[in-house]
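Chemist: What follows is a single structure, and I will ask about it in a moment.
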Amino acid sequence: MTSFSICCLGCGQEVSPLDSWSRKKGVFWGIEVAETLRWRGWELGKEMIKHLILKNVHEKTQKLSYRCPSTRFFSTVFPQPITLSPGMSLTLPIVFRPTEKKEYEDSICFKKAEGEFSVTLHATLPRPCLSFPAAVQLPVCAVHNVTETTFLVRNTGDLVTVFAWETPSPFCMIPDCGMLNPGAECMVRVVFQPKVAVVYDVAATCWFGGEGKQKRTIQLKALAKYPYLRVSVTGEKYEGVQPGKLQDVLCFGSVPVGTTVEKCVEIFNMSVVDAPCRIERAKDPLLLDHVFSCDMSHGVVPANGKLVLCIRFQPQIVGEHSTDYFTIISAGCLLQTVLKVVGSCKGPLVSLHQHSVDFDWINLGESLVQTLKISNISDVPAYYQFDIDVRGSVFSLDRPCGVLEGITTLALNVTFRPTHPISYHRRVVCLVHHQEPMYVDFFGTCHSDIAKPAILQARHLSWYRTNMVRGLTFYPPDILSVMLKDGKLQMDEKGALMLPPKIPQDKPPKEYFEANSMTEYFYDGVSSDLALFPPHISVSPREYDFGCCVPLHKVEPLPLSVTNHTKGTITVAWTPSHGSAFRVSPEICDIPPLKSSAFRVLFQPTQLNSLYAAELEGFAFYKVLRHYSNIEEDATICPSWCLTVRLRAHTYEAEREHFVPQYILDVPKTFPPVAPNTDTYCSMLLLNTGTSSITFSVNQAACPSVLVKPCSGHIIPGGHQIFFLSTHPVNTVSQQHVLPLQLNSCPGYTKEIALRSCGESLLLLLEGDGNLYFKPVYIGTSSTRMYTIKNCTRLPMVFTWKIHETDRKILSVSPTAGILQPYEAMVSSSSTKVVFCSLQYSYGVFRAQKEHLDLGNVLVGDLQSCSVVLLNDGICSLKYILSVEQLITGPCDPEEFRSDPLALELEHSRGTIPARSKAFVQITVRPVRRLHYTWSIKYAICSPTGERWVFWENHSLPTK
């Protein structure tokens, strides 16, 4: 007798997904059992046993019996009654014996008192099978954007399965092919990139299997929409906005030079889809340096959200108005919005309260202090520097360089400490970073017990400059006095000397006009070969570097030559500087007319491994001016000429390294724009941030196209040096300049300064290559077009529209003139009113589609409506005005209804019909009497000035 094996099943058994699917259980009258038993991976000639478990899930004892499978391929133990107590299980072994390679199916039937149920027995052959959803829904997507979703693909078959996707555009699958082991799964990504805004519902096909390919499809559903972006500029509205295309303007206002200001605009997405966009700057090869910048080149504006776009403005050239354009382009270039950014650069506005400081006269050995006020009326701080070495000059300032804060006035103490009994005059330049230089005249006279020169006063400087223009200052005062006595010279009404006119009608004598400060600064005959006036005294060299002076006691003196270009004997007196390592020998020397004299500059260093720099100062004057008794005419007094020599040296030993300079260099990248063959200037600031002095020198020979002043010198700790640079672009080709700036007399501390310059020729860009087309218009009407012009240079441009005399009656432009800032585009309004010209014009062709309408019978007090179709068959748009006339007839006294209101109402009485188009006008009638109504609807063509021309009428719409 066969026994049954009964066991209790726990819940900790691990089953594969395939076994779980094959052992789906059901409950039949309290008996829980698998609905199907499946055999996979079986082999011929071998038997496979699976166990069928029956469990009593009822609270009562269950009795049942069963029948064996009907085929010989499945078998089990001999049938006998089964009794299961509540919660108990019974395991029934099922044996499968295959004889050939095919699928087998049978069943085992169980019987209870309540009825029968069966369990299917199924032996399957290995086959590929993939499982994935029937459809996927992708998120809403903007046109030319990308969205995606994922779904799971599972291999529910028995074989390793290779798959490949066929996906219609604009969808794609990632991965589009692959291989899955039985029971394995992978995540597939669906990418949606639409090009058109439509609803998508397409099928993607998955091919899988071995030799006999199988396929399954998945439905891909998605919706594409067009994005809509709007740029919003917050803050004040820019006054320069022109009507037309450039409405979005971001104005930075006036920004201090060298500073950075950031402003933001908001890009709003008015659609329900995320909108990618990119930000592009207008491409202009002529623009050498962009003062506007934006870090964001692309981004995504969320649906119904906004994206903040930050733009920075860093101006470099004082007084320059900057304009640039950023284009916000949505994906696929569907929408482009041009953002105009404008700003100007402001700098310091420094001025001296006086152009001269008069020390009158003092005795030798004394000193006198005067006040010089300097003001900055701008809110931009200013770096200033008086170009004078106060350590070795008779004139000194307590604060020769510094920073002048915005809206500030500073009182400087100027000290006059003469060393020789002579008259002194020195014209000192005040350099200001980002501003043209300013000049001030320091002058005074020193007396001793023996020498008492004539006192130099302000009027003498004025007369001297006038006399210099007239070529008379190369003669000493004694010769000029003789010429005055002999009548060879005269004095004008201002007291200056002049040659007597040859005839009464001769040209008036020349007058002195002060030159531009930048021109005066560079055209000194030293930095440049050009000079405003020929020199009276010249010194050579003006700058010198002793180089390395080791050992200290073997320094060779520098030969110094001073040349007298005048026709009188001059005396040169050098200012001694106590404590300086440099001095000149001899200290005082007379030089005959048109001769030269040799001096020696001695350098006597006292310390090794040090830097030395100084400016030597000397004064040359006519020898006859040593005593006031030699002067007969006050107008012949000539001020002294100041001579300067810049010197450098160092005493570093060969094995010792020069100390590292600590500095900040502020230099622009480009020269300000100018027309070709015009000088352009810029300033440069070198700050010494260290605790030791810095010496500097510019190798002018390495870059002859740029003039630099000063070329050499020194900077005290915490101080600064202001340079001015000049170049002369000859054409419109961009030129690169590289200036070597050597610090501390060490080639290893050479900074190469790169600048660019370019001559700017006028270039105006006209929209449409200079062609503007107007649409056809009717005689007496007008047409208006917006027209864009753009300044394509870095220089401001003045423009004026000129219209031929014969065209002024039919053509006008607004504005007729104006200024275009660099790279600025302006939209002008052009209009034409056709009276009779060669432009295309026409008469109106305007009619009703039906000239008669019969509304039939209408009850008194009731309403009836219909549409009148108006046609414009012409080639021009028409502006029209409609009017209605009412006629009432019937068995009634006409006087009774003469004052009745119109019983016909028009939806609108005026409008515009485009060329070759039609318009619908809704009419509503409300009769108030039992009479016959007739209305005539008439129209008139309108001109912009309000004039009307009636071309047809008497279109009657009778109503009964």
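The values are calculated or read from the model by the stated rules, or taken from the named source; none is laboratory data. Because the structure is predicted, anything quoted here is derived from the model rather than measured. Backbone-built Cβ (ideal geometry, glycine too); neighbour counts: all protein chains shown. With ligands, DNA and RNA removed, areas are computed over all heavy atoms of the protein, side chains included. Shrake-Rupley method; radii C 1.70, N 1.55, O 1.52, S 1.80 Å.
Chemist: Can you say whether residue 722 is over 20 Å from residue 672 (Cβ atoms) and either of a type in the set (A, V, I, L, M, F, W, C) or in contact (Cβ under 8 Å) with a residue 60 or more places away in the chain (or both), as far as the supplied structure shows?
Modeler: It is false that residue 722 is over 20 Å from residue 672 (Cβ atoms) and either of a type in the set (A, V, I, L, M, F, W, C) or in contact (Cβ under 8 Å) with a residue 60 or more places away in the chain (or both).
Chemist: Which one of these does residue 668 not meet: (1) under 30 Å from residue 320 (Cα atoms); (2) open to solvent by less than 60 Å² (accessible area, probe 1.4 Å); (3) outside any loop (DSSP other than H, G, I, E, B)?
Modeler: It is condition (3) that residue 668 fails.
Chemist: Among the numbered criteria (1) open to solvent by 70 Å² or more (accessible area, probe 1.4 Å); (2) farther than 17 Å from residue 437 by Cα, which one does residue 373 miss?
Modeler: Status for residue 373: all satisfied but (2).
Chemist: While we're on this one: Working carefully through the options 255, 265, find the one that is open to solvent by less than 70 Å² (accessible area, probe 1.4 Å), farther than 24 Å from residue 378 by Cα and at pLDDT 65 or above.
Modeler: Just one listed residue meets the conditions, 265.
Chemist: Among the residues of region 277-286, is any more than 12 Å from the chain's Cα centre (by Cα), modelled with pLDDT of 90 or more and open to solvent by less than 20 Å² (accessible area, probe 1.4 Å)?
Modeler: Looking for residues that are more than 12 Å from the chain's Cα centre (by Cα), modelled with pLDDT of 90 or more and open to solvent by less than 20 Å² (accessible area, probe 1.4 Å), one finds at least one in region 277-286, hence yes.
Chemist: Any idea which of (1) under 60 Å from the mean Cα position of the chain (by Cα); (2) of a type in the set (Ser, Thr, Tyr); (3) surrounded by 15 or more Cβ atoms within 10 Å (Cβ to Cβ) is the one residue 596 doesn't satisfy?
Modeler: (3)
Chemist: Tally the residues that are on the phi > 0 side of the Ramachandran plot and touching a residue at least 24 places away in the same chain (Cβ under 8 Å), restricting the search to region 344-380.
Modeler: So the answer is 1.
Chemist: Being surrounded by 19 or more Cβ atoms within 10 Å (Cβ to Cβ), within 14 Å of the chain's Cα centre (by Cα) and closer than 30 Å to residue 248 by Cα is true for just one of 347, 343. Which residue is that?
Modeler: One residue alone meets the criteria, 343.
Chemist: How about region 784-841: which of its residues are polar (S, T, N, Q), at pLDDT below 85 and closer than 18 Å to residue 769 by Cβ?
Modeler: 828, 830
Chemist: May I pose another question? Restricting to region 73-102, name every residue that is outside any loop (DSSP other than H, G, I, E, B) and hydroxyl-bearing (Ser, Thr, Tyr).
Modeler: Passing the criteria: 75, 83, 89, 91.
Chemist: Here's a follow-up. Here is a check on your reading of the model: is residue 402 closer than 30 Å to residue 311 by Cβ and either of a type outside the set (Phe, Trp, Tyr) or assigned to a strand (DSSP E or B) (or both)?
Modeler: no
Chemist: For the subset of region 184-216 comprising residues that are in contact with a Cys (Cβ under 7 Å, 6 or more places away or on another chain) and part of a strand (DSSP E or B), which member is surrounded by the most Cβ atoms within 10 Å (Cβ to Cβ)?
Modeler: 192
Chemist: Of all residues in region 376-417, count the ones that are of a type in the set (Lys, Arg) and either open to solvent by less than 10 Å² (accessible area, probe 1.4 Å) or within 21 Å of residue 434 (Cβ to Cβ) (or both).
Modeler: Total satisfying the criteria: 1.
Chemist: Scan region 352-363 and tell me whether some residue there is among the β-branched types (Val, Ile, Thr), over 36 Å from the mean Cα position of the chain (by Cα) and farther than 22 Å from residue 576 by Cα.
Modeler: There is at least one residue in region 352-363 that is among the β-branched types (Val, Ile, Thr), over 36 Å from the mean Cα position of the chain (by Cα) and farther than 22 Å from residue 576 by Cα.
Chemist: Which of (1) buried (at least 20 other Cβ atoms within 10 Å of the Cβ); (2) assigned to a strand (DSSP E or B) does residue 681 not meet, given it meets every other one?
Modeler: The single condition residue 681 does not satisfy is (1).
Chemist: I'd like to verify a number: residues in region 744-778 that are within 24 Å of the chain's Cα centre (by Cα), open to solvent by less than 30 Å² (accessible area, probe 1.4 Å) and not small (Gly, Ala, Ser), how many?
Modeler: Selection size over region 744-778: 3.
Chemist: Separate question: Collect the residues in region 779-813 that are within 24 Å of the chain's Cα centre (by Cα) and either part of a loop (DSSP other than H, G, I, E, B) or surrounded by fewer than 16 Cβ atoms within 10 Å (Cβ to Cβ) (or both), keeping them in residue-number order.
Modeler: Of everything in region 779-813, those that are within 24 Å of the chain's Cα centre (by Cα) and either part of a loop (DSSP other than H, G, I, E, B) or surrounded by fewer than 16 Cβ atoms within 10 Å (Cβ to Cβ) (or both) turn out to be 792, 793, 794, 795, 796.
Chemist: For region 703-737, what are the residues that are outside any loop (DSSP other than H, G, I, E, B) and open to solvent by 60 Å² or more (accessible area, probe 1.4 Å)?
Modeler: The answer is 735, 736.
Chemist: Now for a separate question. Tell me which residues, restricted to region 484-525, are open to solvent by less than 60 Å² (accessible area, probe 1.4 Å), over 20 Å from residue 680 (Cα atoms) and among the aliphatic types (A, V, I, L, M).
Modeler: Answer for region 484-525, where residues must be open to solvent by less than 60 Å² (accessible area, probe 1.4 Å), over 20 Å from residue 680 (Cα atoms) and among the aliphatic types (A, V, I, L, M): 484, 489, 496, 497, 498.
Chemist: Suppose the filter is among the β-branched types (Val, Ile, Thr), in contact with a helix residue (DSSP H, G or I) (Cβ under 8 Å, 6 or more places away or on another chain) and open to solvent by 60 Å² or more (accessible area, probe 1.4 Å); does residue 606 pass it?
Modeler: yes
Chemist: Examine region 635-643 for a residue that is buried (at least 18 other Cβ atoms within 10 Å of the Cβ), touching a residue at least 40 places away in the same chain (Cβ under 8 Å), part of a loop (DSSP other than H, G, I, E, B) and under 41 Å from the mean Cα position of the chain (by Cα), and state whether such a residue exists.
Modeler: No, because not a single residue in region 635-643 is buried (at least 18 other Cβ atoms within 10 Å of the Cβ), touching a residue at least 40 places away in the same chain (Cβ under 8 Å), part of a loop (DSSP other than H, G, I, E, B) and under 41 Å from the mean Cα position of the chain (by Cα).
Chemist: Go through region 142-166 and give me each residue that's open to solvent by less than 40 Å² (accessible area, probe 1.4 Å), out of contact with any Lys or Arg (no Cβ under 7 Å at 6 or more places or on another chain) and outside any strand (DSSP E or B).
Modeler: Within region 142-166, 145 is the sole residue that qualifies.
Chemist: Working only within region 729-773, note down all residues that are without any contact (Cβ under 8 Å) to a residue 60 or more places away in the chain and in contact with a helix residue (DSSP H, G or I) (Cβ under 8 Å, 6 or more places away or on another chain).
Modeler: Scanning region 729-773 gives 738, 739, 740, 742.
Chemist: Out of 561, 540, 481, 528, which single residue is among the polar types (S, T, N, Q) and open to solvent by 50 Å² or more (accessible area, probe 1.4 Å)?
Modeler: Every option except 540 fails the conditions.
Chemist: Is it the case that some residue within region 867-876 is modelled with pLDDT of 80 or more, open to solvent by 70 Å² or more (accessible area, probe 1.4 Å) and at negative phi?
Modeler: Yes, some residue in region 867-876 is modelled with pLDDT of 80 or more, open to solvent by 70 Å² or more (accessible area, probe 1.4 Å) and at negative phi.
Chemist: From the residues in region 893-908 that are assigned to a loop (DSSP other than H, G, I, E, B) and open to solvent by less than 40 Å² (accessible area, probe 1.4 Å), which one is modelled with the lowest pLDDT?
Modeler: 900
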